[in-house]
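Data first, discussion second: the structure below is written as structure tokens.
The values are calculated or read from the model by the stated rules, or taken from the named source; none is laboratory data. Keep in mind that this is a model prediction, so the values were computed, not measured. In this analysis, Cβ positions are derived from the backbone assuming ideal geometry, glycine residues included, and neighbour counts consider all displayed protein chains.
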Amino acid sequence: MRAVDRARRRRLALAAGIVAFASAGYALHQDAVRARRFEAVSALVRTSLDVERYFERHGEYPRDIVALRGPGSADRAASGAASHYTLQLVSPNPATNARASYLLIATPTGGQIGDACGRYTFDERAHHANPDASVAAEACWPR
């Protein structure tokens, strides 16, 4: 009987260890997802500033990322392969179709595909949204 109790305790200890390890891994995964979301938001805001500078110099918004950054420019939210979002610039903004308007879109790629926040959008009026989010947009944008 004593051997059975010891074996049961070992199994319980092993199960508790697995649960602790899994919960720590899940927490790390959630932190990574939040960091990647911040990457998208940060890229949208930085690109928006670049678009506004372009407008000041040229009197109009660039029609796309290539017009903004030049041929061969990356459409990644971050430099290098670490980016988990691609950026798109649409001008004029399809929602308003006003000549002096634009819409920036950050689309998830790689490990972010399927994220609850989906695509991020940001326009010339600093309106932001997550059109395909399965959660409230407030959960997707840093405070």
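Some points to look at:
- Hey, R143 modelled with pLDDT of 90 or more, part of a loop (DSSP other than H, G, I, E, B) and of a type in the set (K, R) or not: no
- Neighbours by Cβ (under 9 Å, 6+ apart or cross-chain): first from the range 31-47, among the charged types (D, E, K, R); second loosely packed, with under 14 Cβ neighbours inside 10 Å: R34/P142; R36/G111; R37/P142; E39/A82
- Checked against (1) part of a loop (DSSP other than H, G, I, E, B); (2) among the aliphatic types (A, V, I, L, M); (3) at pLDDT 90 or above, L44 meets all criteria but (1).
- Among (1) aliphatic (A, V, I, L, M); (2) closer than 25 Å to G118 by Cβ; (3) modelled with pLDDT under 85, the one test that L68 misses: (3)
- Residues of the range 109-129 satisfying the condition of being closer than 17 Å to L89 by Cβ, assigned to a loop (DSSP other than H, G, I, E, B) and not polar (S, T, N, Q): R119, E124, R125, A126, H127
Matching residues to (1) touching a Phe, Trp or Tyr at 6+ places or on another chain (Cβ under 9 Å); (2) small (G, A, S); (3) modelled with pLDDT of 90 or more:
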site	(1), (2), (3)
A82	no, yes, no
Q88	no, no, yes
A100	yes, yes, no
A129	yes, yes, yes
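- Identity of the residue in the range 93-123, small (G, A, S) and under 19 Å from V135 (Cβ atoms), that ends up surrounded by the fewest Cβ atoms within 10 Å (Cβ to Cβ): G114
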